[in-house]
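Below you'll find the structure, written out as structure tokens, and then a few comments.
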Amino acid sequence: MDPEDPDGGPVTELVTEVLQRAGYQPEVQYKSWSLVEESVTDGTSAAAFPLVVSQERSEKFVSSESLVDFEYVLFYDTAKGAPEISSADDLAKLRVGGIAGYDYWSEIDAAVDNWIEFDTSLEGFNALKDGRIDLLAEGLIPGQALVAGSEFHGDAAGIDYIRDVSPLVRSKQGVHLMVSRTNESETLIAAFNKALADFRRTEEYNAVLDGLAAPSQSPVRLEPYTESGLVELLDATGRQVLLAPRGTEAEVLTWPDELTTTAEQGSKPPLVEIKVTAGPAAGRVVFVDARSIVVGSEAE
């Protein structure tokens, strides 16, 4: 979900479309995870999503069929390497971060006694980058999308997830629309489930889900300023670390003073810190010569 997106992000778009097909006119509000269940329980909101099913939630809410299945994994800092986790005791020794309001899978819940909670995924990934936690439990697709986007200022190459398939470190769970148990709840959920089943048979459904893996669009495009035809991706000292093809998309993390305030006469072209958002180097934080950046309508 993305409050900045006109459609609210793929999952919001999916739920809105299905509710409309079921004859409802939804108004979507974005709240912190800690307030989502409360708002449905006290009647402030008619329904909440996207939530995973747990025993506690099943006692309070009626759930729809799964909107989409997400894989939940444990992310780690590649500079430290992937920790060895072969038992619950191994996991219990590590500082494991989670997002407030999430219900995680039973195996990891049983192994982790003291979760380090963060209000948002961005805060969690920043803590992982800064070494304040050893692992962060998050959905694979939303986690990768956040790390690859410009909102996270770390290098995507510095974050990876544990590839083991053990239920200690990985789980696949559906997310659902949930409503309080009232006289009207069964009717709403039944209508929603029918509309969802019908929508799944359309090409439009697949188009919406395609957006789940799509990173946010970049406001700049990279073009070579030399005859080589390739864009040089540099480190902070100006040393070449990678090459990128013409048209590579990126977002600027920091504009240099020469482009925002004043530039001395005869100054060398400054380096601009960017995060590559598309192409072979997607997710990397690098620098480019300012002459490589195309902004404005030509970059859209």
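Structure notes:
- Partners for Lys60 among lysines (Cα-Cα distance below 24 Å; same-chain residues under 8 apart left out): Lys31, Lys172, Lys194
- Computed over neighbours whose Cβ is under 13 Å from that of Val285, the net charge equals -2, Lys and Arg +1, Asp and Glu -1.
- Accessible area ranking (1.4 Å probe, heavy atoms, ligands and nucleic acids excluded), largest first, for Trp105, Trp255: Trp255, Trp105.
- For segment 114-269, the alpha-carbon radius of gyration amounts to 1.50 times the rule-of-thumb value 2.2 N^0.38 Å expected for a compact globular protein.
- Among Met178, Met1, the order of accessible area from largest down is Met1, Met178, computed with a 1.4 Å probe on protein heavy atoms.
- Calculated mean projected area of the Cα convex hull in nm² (choose from (i) 17.9; (ii) 19.0; (iii) 20.6), label: (ii)
- Segment 43-98: trypsin sites (Lys or Arg not before Pro) in DSSP loop, at most 13 other beta carbons within 10 Å: Lys80, Lys93
- Under 13 Å of direct C-alpha separation, and excluding same-chain neighbours fewer than eight residues apart, Lys275 reaches these aspartates and glutamates: Glu151, Asp155, Asp235, Glu249, Glu251.
- Candidate residues Ile293, Ile133: accessible-area rank, largest first, probe 1.4 Å: Ile293, Ile133
- When both bridge partners sit in segment 7-142, DSSP labels roughly 45% of those beta bridges antiparallel.
- Kirkwood-Stokes translational diffusion coefficient of segment 92-144, alpha-carbon pairs, 20 °C, 1.002 mPa s, µm²/s: 192
- What separates the Cα centres of segment 65-94 and segment 119-191 is a distance of 11 Å.
- Overall form of segment 1-149 per C-alpha gyration tensor (a/c, 1.5; a/b vs b/c): prolate
- Sequence-distant lysines (8 or more away, or on other chains) whose Cα lies within less than 17 Å of Lys80: Lys93, Lys129
- The apolar share of the surface of segment 1-123, taken as the fraction of accessible area on carbon and sulfur atoms (1.4 Å probe, ligands and nucleic acids excluded), comes to 44 percent.
- Placed amide H near Leu67: partners under 5 Å, 5+ positions off or other chain: Val175, His176, Leu177
The values are calculated or read from the model by the stated rules, or taken from the named source; none is laboratory data. Nothing here was measured: the structure is a model prediction, and the numbers come from that model. Methodologically, a virtual Cβ is constructed for each residue, glycine included, from the backbone with ideal geometry; neighbour enumeration extends over all protein chains shown. Heads up: the accessible areas ignore ligands, DNA and RNA and are worked out on the full protein's heavy atoms, side chains in. Shrake-Rupley method; radii C 1.70, N 1.55, O 1.52, S 1.80 Å.
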